[in-house]
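Bear in mind that the values in this text are calculations on the coordinates, not laboratory data. The model shown is predicted, which means the values in this text are computed figures rather than measured ones. FYI the Cβ positions are ideal-geometry reconstructions off the backbone, even for glycines, and counts take in every protein chain you see.
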Amino acid sequence: MMPSLLFLENIPCGRHEIIPREGGVEMGYKNPAYVVFDGDEDGWAYRFMRGWKANEHVEFDFRDAHDLDNMTSRAQGEQYVKRHLRDRMSQSSCIIVLVGEKTKNLYKYVRWEIELAISLDLPIIGVNLNCSNGVDKLRCPALLRDHCAVHVPFKLAAIKFALDYWPNEYHRLGDREKGQGARSYPAEKYQEWTKS
């Protein structure tokens, strides 16, 4: 039987940690994931994820929403780009936000994409490119710091785990639980990921 997830409340520092419990879960990566990132600074991390997916010796799979429509050669201004990004996001099952050094300062697209994901009530996975676990308050965009999203380190195993479990768990939460803010996985999981 696959583990499901359960949230621990009243964790010191106002964090909520997720711990495994028994129960069935359908893997989240079977539907497209939309990746939000700083194309100038953090494109390397996005390319790593695509490389993991392409490597037959690495167990990592995600359906990339950016594969649904390649618009780079015909992008004709901000409104055109945003319309196509909105279409891609609406076909996605979750959002991955690659949180790099300058992510919190990006407004034109990154902030807009996060706002759109929140308005569409899509599960959000914050991936810290500095490999920290939990919300990185120095780099994470303000509107995502207290939002009900899970934050993981930029490690293949961590991203895979979040893709497998977070989308379904997020949809099981009620409004009150979502209002409790950001989530992270326990230290034991983080230690497991850093060894891989």
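Considering only DSSP states other than H, G, I, E and B, which trypsin sites (Lys or Arg not before Pro) in the stretch 102-148 qualify as loop sites with at most 13 other Cβ atoms within 10 Å? Kindly include the intermediate steps, with their values, before the conclusion.
Working: sites: 102, 104, 108, 111, 137, 139, 145; in loops: 102, 137, 139.
Qualifying residues, ordered by number: 102, 137.
For residue 156 and residue 109, what does the FRET efficiency come to when R0 = 30 Å and r is the distance between their Cβ atoms, rounded to the nearest 0.05? Write down the numbers at each step before the final one.
Details: r = 26 Å, r/R0 = 0.86.
That pair, residue 156 with residue 109, gives E of 0.70.
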Contour excess over end-to-end distance, with Cα ends at residue 54 and residue 102 and 0.36 nm allotted per residue: 14.5 nm
Need the full-extension length gain, residue 188 to residue 83, defined as separation in residues times 0.36 nm minus the C-alpha distance. One decimal, nm. 33.7 nm
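Pairs 53/104; 82/189; 53/195; 82/160; 102/195; 137/189: which exceed 25 Å Cα-Cα? Don't skip to the end; give the middle numbers.
Values: 53/104 27 Å; 82/189 36 Å; 53/195 20 Å; 82/160 28 Å; 102/195 27 Å; 137/189 20 Å.
Beyond 25 Å: 53/104; 82/189; 82/160; 102/195.
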Among 48, 161, rank each residue by its count of other Cβ atoms within 10 Å, from fewest to most, as a rough exposure measure. 48, 161
Evaluate the distance, in nm, between pseudo-label points positioned 7 Å from the Cα of residue 142 and of residue 91 along their respective Cα→Cβ axes. 3.5
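To the nearest 0.05, how large is the calculated FRET efficiency for residue 180 and residue 131 if R₀ is 25 Å and r is the Cβ-Cβ distance?
The value I calculate is 0.50.
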